[in-house]
Structure formats: C-alpha cells, structure tokens
1. (1) of a type outside the set (Phe, Trp, Tyr); (2) part of a strand (DSSP E or B); (3) modelled with pLDDT under 95: which one isn't true of Lys145, the others all being true?
2. Would you tally the residues in region 132-142 being over 16 Å from Arg28 (Cβ atoms) and modelled with pLDDT of 70 or more?
3. Please find, within region 150-160, the residue that is modelled with the highest pLDDT out of those that are out of contact with any helix residue (DSSP H, G or I) (no Cβ under 7 Å at 6 or more places or on another chain) and part of a loop (DSSP other than H, G, I, E, B).
4. Filtering region 258-294 down to residues that are of a type in the set (Val, Ile, Thr) and either more than 17 Å from Phe160 (Cβ to Cβ) or at pLDDT below 95 (or both), which residue is surrounded by the fewest Cβ atoms within 10 Å (Cβ to Cβ)?
5. Run down Arg68, Arg127 and say which single residue is touching a helix residue (DSSP H, G or I) at 6+ places or on another chain (Cβ under 8 Å), within 23 Å of Glu181 (Cβ to Cβ) and modelled with pLDDT of 95 or more.
6. Return the pairs, sorted by first residue and then second, in which the second residue is hydroxyl-bearing (Ser, Thr, Tyr) and assigned to a helix (DSSP H, G or I), the first residue lies in region 36-54 and is modelled with pLDDT of 90 or more, the beta carbons are less than 8 Å apart, and the residues are 6+ apart or on different chains.
7. Take the conditions among the polar types (S, T, N, Q), within 24 Å of Phe70 (Cβ to Cβ) and either surrounded by fewer than 15 Cβ atoms within 10 Å (Cβ to Cβ) or at pLDDT 95 or above (or both) and apply them to Asn250. Does it pass?
Amino acid sequence: MIDRHRLYRAGIWALTAPLPKQRRVALRRSWRAGLENRLVLGADYVVLSRAKSGRTWLRAMLSRLYQRRFGLPEQQLLEYDNFHAQNSAIPVVAMTHGHELDKLARHSKHGANLRSKPVVFLIRDPRDVAVSEYFQATRRAARYKREMYEVEGDMGLFDFVMHAPPGLPAICDYLNRWHRELRGWDRVHRLHYEALRADPETEMMKLCAWLEAGFSSEEVAEAVAFASFESLKEKERENFFNNSRLQARNSEDPDSFKVRRGKVGGYRDYFDAEQVAKIDAYVSERLDRELGYT
C-alpha cells in the first residue's frame, strides 16, 4: 500500500521552498501531479473531475454508503485508503483532477494498468464550474494555491471567468481533452453533475451498479438524504467531519463555504444579459458538443 502521508510530507518543501516564483510554482505543480498519479495507480477505482464539479458531494454520498454497510464512524470522509485500512472489503478510491494523468496513460510501464482501471468521469457545466472556481480562489484557497494557479490581485468575476488561468478556457480544454482521452480506456462511467442534482438516487444507483458495489435502493436513499446539500452545508458549518475539505472558512460568508449553492445554471445569476451571451457563445464555440452543454 502506498504511504500517502509520507508523500505529503515529502511535498512540504515544494510548498515552502525559498525559490524564484516561476521555479517554486513549477515544483509545486510537479509534486502534486506526481503524488496524485502514484495514488491513482494504487487505487481500485478512480473518480476523475475538474475542480468544483461536485466531487465533495459525491465523496460524502460514497462515504455514507461504506459507513453504513461496514459500521464505520459517520464523521469520517472517504480519503483514498482510510476506509480500506479499517475493512479490506472497502475499495481504495482515488479522487483526482488528473494532473498529467493522460501522460501517465501513455507510459510504457504503467499505461496499460491505468487504462484498465474503472474510472468515474464526473462532468459539470463549465460555466458553473468557472463561477465556483472564482469563489474558491477568492474566499477559500490558501495563498500558495492562488500563486500556483496564477490567481493574484483583484479580478472581477466576469474577467476571471473569461480570462483567468482557472477560468473557462482551461475548463473547456480540460473537458475536451478528457472526453477524447477516455474513449480509449477500458471502463469509464460518465456522470453528469446536472443529472445527479436532478435525480441523485437514480444516478447513484446506476453508479453503484456499474461499480458492482451491491448497495440497495434503501442504502442509496439514506446516503442521499445524509449528504443532501442543506445537510452538508449544516455539517460544514458545525465542522461535523473535522476535515478541511468540508470546513467553512468564514461562517458569516456563504460564499466561503465548500458547499456553496450547487445550483444548475446558477452562473446566470451573476452576470447581465450581455455577459451571459458572451459566456454562452464562448462555450458554444470552444466546448465539444458531445459533452452536451452547447
């Protein structure tokens, strides 16, 4: 089993090294990609998604399913192999944003192993992702992460969405690249955030069946209720999980919460009609139509 804690400790220098900014940022990105990819190779299945695509919500529902089935404490969140360490019947689950994972897929030694793993590709409308990225960057992200993703200074929401490194151009390119890449992999389940929001019980049942996990409709319904948005928001406010993934940065600022809104098409609430038209036109031109958002 991979010692992920040792790998994290090994990366501390990459986060704090007194190096020139460009070198420091490159080192951080390389360390993060290497860490994530080593964990992916040791996993039983993989959840791949762009940041801000609903992964924490999915993590909470999966956590609840395994908690109830195997009698684990409900304050725990699924973190790679922590559930597996308590009961070997629980799979090791790697949740990754796929930094350089496509390069690993072509590696002569590891590529075939990686491409044969079950992969859940969690997809969300890039316009909603971009807005959520803005609030992540301005309300939650640590300074070193803002530097790593070149989010510095005061940038308005529209400019961020259209031009910032974590904005629409990068998000659309990410979705296009992985949509193409995963066509050649053995086992891929595409899970759209919007479908999950519309009918979480049905979509979770489909996912569990695909994973051959054997959870009943009653177990899924209970997990969905446990991890509903309102329930998770309250748990985040109370620091129920004692986990930085679900810990409010400022309980007085709803935009600083990890579980913020989750609204499908909510990006429209932040822009005037002309800005919405420009955003929609950009996505229509840039995003692969097979993804279903144009």
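The values are calculated or read from the model by the stated rules, or taken from the named source; none is laboratory data. No experiment lies behind these values; they were computed from the predicted model shown. When we count neighbours, we look across all protein chains shown, and the Cβ atoms used for this are built from the backbone with ideal geometry, even at glycine.
1. Answer for Lys145: the failing condition is (2).
2. 7
3. Gly156
4. Thr294
5. Going through Arg68, Arg127 in turn, the sole match is Arg127.
6. Pairs that qualify, where the first residue is modelled with pLDDT of 90 or more and the partner is hydroxyl-bearing (Ser, Thr, Tyr) and assigned to a helix (DSSP H, G or I), are Arg50/Tyr174; Lys52/Ser132; Ser53/Tyr193; Gly54/Tyr193.
7. No, not satisfied.
For every residue, the table says whether it meets (1) touching a strand residue (DSSP E or B) at 6+ places or on another chain (Cβ under 9 Å); (2) free of Cβ contacts under 8 Å to residues at least 60 places away in the same chain; (3) surrounded by fewer than 18 Cβ atoms within 10 Å (Cβ to Cβ); (4) over 20 Å from Gly266 (Cα atoms).
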position: Ile171; (1), (2), (3), (4): no, no, no, no
position: His179; (1), (2), (3), (4): yes, no, yes, yes
position: Gly184; (1), (2), (3), (4): no, no, yes, yes
position: His189; (1), (2), (3), (4): yes, no, yes, yes
position: Leu196; (1), (2), (3), (4): yes, no, no, no
position: Asp199; (1), (2), (3), (4): no, yes, yes, no
position: Leu211; (1), (2), (3), (4): yes, no, no, yes
position: Phe215; (1), (2), (3), (4): no, no, no, yes
